[in-house]
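Notes to accompany the following structure.
The values are calculated or read from the model by the stated rules, or taken from the named source; none is laboratory data. The shown structure was predicted, so the numbers you read here are calculated from the model rather than taken from an experiment. Every residue, glycine as well, gets a Cβ built from its backbone with ideal geometry; the counts of neighbours run over all protein chains shown. With ligands, DNA and RNA removed, areas are computed over all heavy atoms of the protein, side chains included. Shrake-Rupley method; radii C 1.70, N 1.55, O 1.52, S 1.80 Å.
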Amino acid sequence: GAGVSQSPSNKVTEKGKDVELRCDPISGHTALYWYRQSLGQGLEFLIYFQGNSAPDKSGLPSDRFSAERTGGSVSTLTIQRTQQEDSAVYLCASSLALGSGGRHNEQFFGPGTRLTVL
Amino acid sequence: GQQLNQSPQSMFIQEGEDVSMNCTSSSIFNTWLWYKQDPGEGPVLLIALYKAGELTSNGRLTAQFGITRKDSFLNISASIPSDVGIYFCAGQRGANSKLTFGKGITLSVRP
């Protein structure tokens, strides 16, 4: 379909390993956001991309977390040396981001990647 | 980090009943949004509000952006079984800024 896609849908890893999560935004959307959702919690902002640059990285919980975006499209979120507290659903969203507010900046979410760190 | 306040955590209603959910914040937001999340899915936008005092409807859903810009409510009328899910409010300060979410309310509808 034409929505935001994320892969893998599920990832189980051992503590200490690195993981990469991928997000494919809606075609033409220039803004891309990563959020984390822990069990029974709301969504927690991680990082925002406008094009390939990240004006707001304020939500990244530690230096083990990093993200990049290439070609103004696909983004990967990398977690190094995973810990059990990293277990959560990682959600990606994209928006047209024309800069003027309103409907064009509505964020559309992907289905998420469920990460389990054993 | 800061979160919006949504309570109670769970609501149980009878099919056909109306339900109202509130969301409050200690600080101002310039956009308020309501999302619904089904199990295993990402949140889906239900209603977006862009002006203080704005009242917007989307089918059986009605939402309002509080005059103080610190609160919003969502009403669902004549509930049906497929209304079951988690309802999140979210606030946004600037045009392309991050969303700040509430913890969500899990709605159950008894047939």
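Find the residue count for the range A:79-98, including only residues that are away from every other protein chain (no Cβ under 14 Å) and either open to solvent by 30 Å² or more (accessible area, probe 1.4 Å) or outside any strand (DSSP E or B) (or both). Spell out how you get there, then give the answer.
In the first step, residues of the range A:79-98 are kept if they are away from every other protein chain (no Cβ under 14 Å); the result is A:79-87.
Subset that is either open to solvent by 30 Å² or more (accessible area, probe 1.4 Å) or outside any strand (DSSP E or B) (or both): A:80-87.
The number of residues fulfilling the criteria is 8.
Residues in the range B:51-82 that are surrounded by 19 or more Cβ atoms within 10 Å (Cβ to Cβ) and more than 17 Å from B:LEU4 (Cβ to Cβ): B:ILE76, B:SER79.
In the range A:11-42, the qualifying residues are those that are open to solvent by less than 10 Å² (accessible area, probe 1.4 Å) and not hydroxyl-bearing (Ser, Thr, Tyr), and the one that is nearest to B:GLN3 (Cα to Cα) is A:GLY42. Of the strands (runs of 3 or more DSSP E) that lie entirely inside the range B:1-46, those containing 3 or more residues that are out of contact with any Ser or Thr (no Cβ under 8 Å at 6 or more places or on another chain) and under 23 Å from A:TRP34 (Cα atoms) span B:31-37.
Might you check whether a residue that is under 19 Å from B:ILE86 (Cβ atoms), modelled with pLDDT of 90 or more, open to solvent by 20 Å² or more (accessible area, probe 1.4 Å) and more than 8 Å from chain B (Cβ to nearest Cβ) occurs anywhere in the range A:101-116? For the range A:101-116, residues under 19 Å from B:ILE86 (Cβ atoms), modelled with pLDDT of 90 or more, open to solvent by 20 Å² or more (accessible area, probe 1.4 Å) and more than 8 Å from chain B (Cβ to nearest Cβ): present.
Scanning the range B:70-111 for residues that are in a loop (DSSP other than H, G, I, E, B) and away from chain A (no Cβ under 14 Å) turns up B:LYS70, B:SER77, B:ALA78, B:SER79, B:ILE80, B:VAL84, B:PRO111.
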